[in-house]
1. Could we say that residue 262 is closer than 28 Å to residue 123 by Cβ, under 40 Å from the mean Cα position of the chain (by Cα) and at pLDDT 80 or above here?
2. Which residue pairs have Cβ atoms under 8 Å apart, sit 6 or more places apart or on different chains, and have a first residue in segment 85-104 that is in contact (Cβ under 8 Å) with a residue 60 or more places away in the chain and a second that is surrounded by fewer than 19 Cβ atoms within 10 Å (Cβ to Cβ) and assigned to a loop (DSSP other than H, G, I, E, B)?
3. All but one of (1) surrounded by fewer than 19 Cβ atoms within 10 Å (Cβ to Cβ); (2) under 30 Å from residue 137 (Cα atoms) hold for residue 185; which doesn't?
4. Suppose the filter is closer than 30 Å to residue 268 by Cα and surrounded by 13 or more Cβ atoms within 10 Å (Cβ to Cβ); does residue 192 pass it?
5. Quick one: residue 151 ticks every box in (1) surrounded by 14 or more Cβ atoms within 10 Å (Cβ to Cβ); (2) part of a helix (DSSP H, G or I) except a single one, so which number is it?
6. Please work out which one of (1) assigned to a helix (DSSP H, G or I); (2) in contact (Cβ under 8 Å) with a residue 24 or more places away in the chain is the condition residue 225 fails and give its number.
7. Quick one: which residue in 89, 95, 134 is within 30 Å of residue 194 (Cα to Cα) and in contact with a strand residue (DSSP E or B) (Cβ under 7 Å, 6 or more places away or on another chain)?
8. Are any of the residues in segment 203-220 modelled with pLDDT of 85 or more and under 27 Å from residue 135 (Cα atoms)?
């Protein structure tokens, strides 16, 4: 089943005193109108379909049995284009009657649909266009073959055994060729998705860093205005930003050495959110270090007593904690032990037993 057929029809809400707007036609409606030769009805449906999905940039239509495949491309608004959003290409098909008695071809087309969904949710720009055009070409080739194949099958009684055998071999060859095309397309998708996932994560991380800086400045101003004891607003702000910068540099370093991998199957929005939280994690570690040292949790660590050495020391350590999660975890483990909650805790079962 095609992508558009699995979606609910978009129906505009009825406003008071106005008539109900026409619903957006599905791609299957276009296929049926095209197969019936209803040019006027087809043009009307096409106009409303393209207004919702974007202009059809390539298509193939079957008349008997009815079927079709098309690519649409929706151009974003000026604002979205300014923010870097590219054209949105989509694949649509309707082939139920063509593959009704051909389960192998139905399976192949279903795999194509699944792959097009992955592409639409993960890739963008040129990579998305290439992947969807490849799937479109494969689907068009299958439909072209099935049109003649089904007609020849109906004439099987008039064919010789050799002709029927040749027809079966042709069907198998078409299946094998398109299975290979889909495998190559899937391999291209994974390579492109891995690259794009890193970009999406990086952009999300930079957005998160900007938000962190704005929030850090607001918090530093608040602490300064409230005169919180033991907190120097300048050092507080420096630790937050240094931890965030350390987290960003850590990710960039791993990307440069091909040691940074993210799961692109989770989708662009989730990846962007994960990236946005990464600077905040580094900043929290740096800030925790600042308060832990101010509270004398690490007796074996000596902090410079005077500025500017003290300020530079906190920034350097904050950057290191944002850069290295392992170092931050070791710091937390050390603080846990010094508080009596670690593995060497002096708290015994008898000390925590409820009174008799």
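The values are calculated or read from the model by the stated rules, or taken from the named source; none is laboratory data. Nothing here was measured: the structure is a model prediction, and the numbers come from that model. When we count neighbours, we look across all protein chains shown, and the Cβ atoms used for this are built from the backbone with ideal geometry, even at glycine.
1. Criteria not met by residue 262.
2. So the pair list comes out as 90/54; 96/1.
3. Of everything listed in (1) surrounded by fewer than 19 Cβ atoms within 10 Å (Cβ to Cβ); (2) under 30 Å from residue 137 (Cα atoms), residue 185 misses just condition (1).
4. Spelling it out, residue 192 is indeed closer than 30 Å to residue 268 by Cα and surrounded by 13 or more Cβ atoms within 10 Å (Cβ to Cβ).
5. (1)
6. (2)
7. 89
8. no
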